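Student: Starting off with a structure, shown below.
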Amino acid sequence: MRSALLAPGLALGFLTIAPLRLSSDVPRRAFPLAVALFPVVGLALGAVAGAADAALERFVPGSVAAAIDLALLAVATGGLHLDGLADAADGLLGNMPRERRLDAMREPGIGAFGVAAVALVLVVEYAALAATPPATRVVVLAVALAVSRWSMALILWRFPYARPAGIATPFRDGLRAAHVAVAAAVTAAVASALLASGGIVLAVVGTAVALTVGWRAVDRLGGCTGDVYGAAGELAFATCLVVGTGILA
């Protein structure tokens, strides 16, 4: 019972700027339960961004509202996923020996690949969000964010960890197919309820993006890291926004 009560706070703390308290008395079973709730956190972020978007539409053009939506999401997540995208791009795309890739991702600075990746992804997200009709932007945000957090849960379970330990280690320990199945079911329910068959398309596309990133990380790094999880989530989110414009056109 205590694990179930603590799981929502752990999921929220891992994926947002909400405080994440990893005290020794937190039951180990609470962490994999938190992974099952990752899509719920995405849905909550979508609700916050969508509410802000609806309010902003009354005062500013849709393109400006789209930019503020993305800024709000960056603040709400502490920029962790964008930072992960930058570090992962430097490690996965840079021309260096395999043993140097993890070191490059640990370095505090951002390389050329990281800067380019963040800039391009943000431009794509902005263009897609600005092109989404205002009446449906709220639901697209909610579905895209739920799918992106599902994608992080998926590769957290599906692929090995590239380092001996890290902040994601407690979440991976004890993580089973049943936890991931719950996350998948929540994502499918949210996607279909909000966008019908279009939502399922977004879920499938986001899943494919996450798996592609995971396979790339295994090939280049020997496994995934927290940065790779963030990169997968951000790329799945951007892809869902792009595909969403086609579905709603």
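Values quoted throughout were computed directly from the atomic coordinates according to the rules given, and no laboratory measurement underlies them. Please read these numbers as outputs of a predicted model, since none were measured by experiment. For neighbour counting, all protein chains shown are included, and Cβ atoms are generated from backbone atoms with ideal geometry for every residue, glycine included.
Student: Please compute the net charge surrounding PHE159, taking Lys and Arg as +1 and Asp and Glu as -1 over other residues with Cβ under 11 Å from its Cβ.
Tutor: Details: positive: ARG158, ARG172, ARG216; negative: ASP219.
Here the charged neighbours net out to +2.
Student: Ok, one more. Put a dot 7 Å past each Cα toward the Cβ at ALA47 and ALA165; how far apart are the dots in nm?
Tutor: Distance between the two pseudo-spin positions: 3.6 nm.
Student: With charges set only on the Cβ (+1 for Lys and Arg, -1 for Asp and Glu), what does the dipole of region 136-224 come to about its Cα centre, in debye to the nearest 20?
Tutor: Working: 8 positive and 2 negative charges, 27 e Å.
Once rounded to the nearest 20, the dipole reads 140 debye.
Student: Which peptide among 131-137, 67-73 comes first, and what is the full order, when sorted by highest mean count of other Cβ atoms within 10 Å? Provide the component values of the computation, followed by the final result.
Tutor: Numbers: 131-137: 16.7, 67-73: 18.4.
My ranking of the peptides, most packed first, is 67-73, 131-137.
Student: Using the count of nearby Cβ atoms within 10 Å as a rough guide to exposure, how do VAL242, VAL41 rank from fewest to most?
Tutor: Working: VAL242 19, VAL41 23.
The fewest-first ordering by Cβ neighbours comes to VAL242, VAL41.
Student: Find the relative contact order for region 1-92 and round it to a whole percent, using C-alpha pairs within less than 8 Å whose residues are 6+ positions apart.
Tutor: Details: 66 pairs, mean separation 25.3, N = 92.
It rounds to 27 percent for region 1-92.
Student: Taking springs between alpha-carbon atoms closer than 10 angstrom, which of LEU154, LEU43, LEU221 fluctuates most in the Gaussian network model of the chain?
Tutor: Comparing LEU154, LEU43, LEU221 in the GNM, the peak value goes to LEU221.
Student: Please say if region 107-249 is rounded, prolate or oblate, where rounded means a/c under 1.5 for a ≥ b ≥ c the square roots of the C-alpha gyration tensor eigenvalues, and otherwise the choice is prolate for a/b larger than b/c and oblate otherwise? Working shown, then result.
Tutor: Values: a/c = 2.54, a/b = 1.30, b/c = 1.95.
Oblate, because a/c is 1.5 or more while a/b does not exceed b/c.
Student: Please give me the summed charge of the neighbours of GLY174: other residues whose Cβ is under 13 Å from its Cβ, Lys and Arg +1, Asp and Glu -1. Intermediate values should be presented prior to the final figure.
Tutor: On the way: positive: ARG28, ARG29, ARG172, ARG176; negative: ASP173.
After counting each charged neighbour, the total is +3.
Student: Translational D (Stokes-Einstein, µm²/s) of the chain at 4 °C and 1.567 mPa s when Rh comes from the Kirkwood sum over C-alpha pairs? Let's see the in-between values first.
Tutor: Details: Rh = 18.0 Å.
After rounding, the answer is 72 µm²/s.
Student: If you count, for each residue, the other Cβ atoms within 10 Å and average over each peptide, how do 155-163, 81-89, 54-62 line up from highest to lowest? Don't skip to the end; give the middle numbers.
Tutor: Working: 155-163: 19.3, 81-89: 25.1, 54-62: 12.9.
Highest-to-lowest ranking by the protection proxy: 81-89, 155-163, 54-62.
Student: For ALA178 and ILE200, what is the calculated FRET efficiency with R₀ set at 22 Å and r taken between the beta-carbons, to the nearest 0.05?
Tutor: Numbers: r = 22 Å, r/R0 = 0.99.
So the FRET efficiency works out to roughly 0.50.
Student: Then there is this: Counting helices only, and only those DSSP H runs with n ≥ 4, report the 222 nm mean residue ellipticity of the chain as the sum of -39,500 (n - 2.57) divided by its residues, in deg cm²/dmol to the nearest 500. Show your work: numbers first, answer last.
Tutor: Numbers: 11 runs with 195 residues, N = 249.
After summing the helix terms and dividing by residue count, I get -26500 deg cm²/dmol.
Student: OK, next. Relative contact order of the chain, please, whole-number percent, based on alpha carbon pairs below 8 angstrom and at least 6 residues apart. Intermediate values should be presented prior to the final figure.
Tutor: Values: 405 pairs, mean separation 69.3, N = 249.
Reported relative contact order: 28 percent.
Student: GNM on the chain, C-alpha springs below 10 Å: top fluctuator among GLY111, GLY206, GLY50?
Tutor: Looking only at GLY111, GLY206, GLY50, the biggest GNM fluctuation is shown by GLY111.
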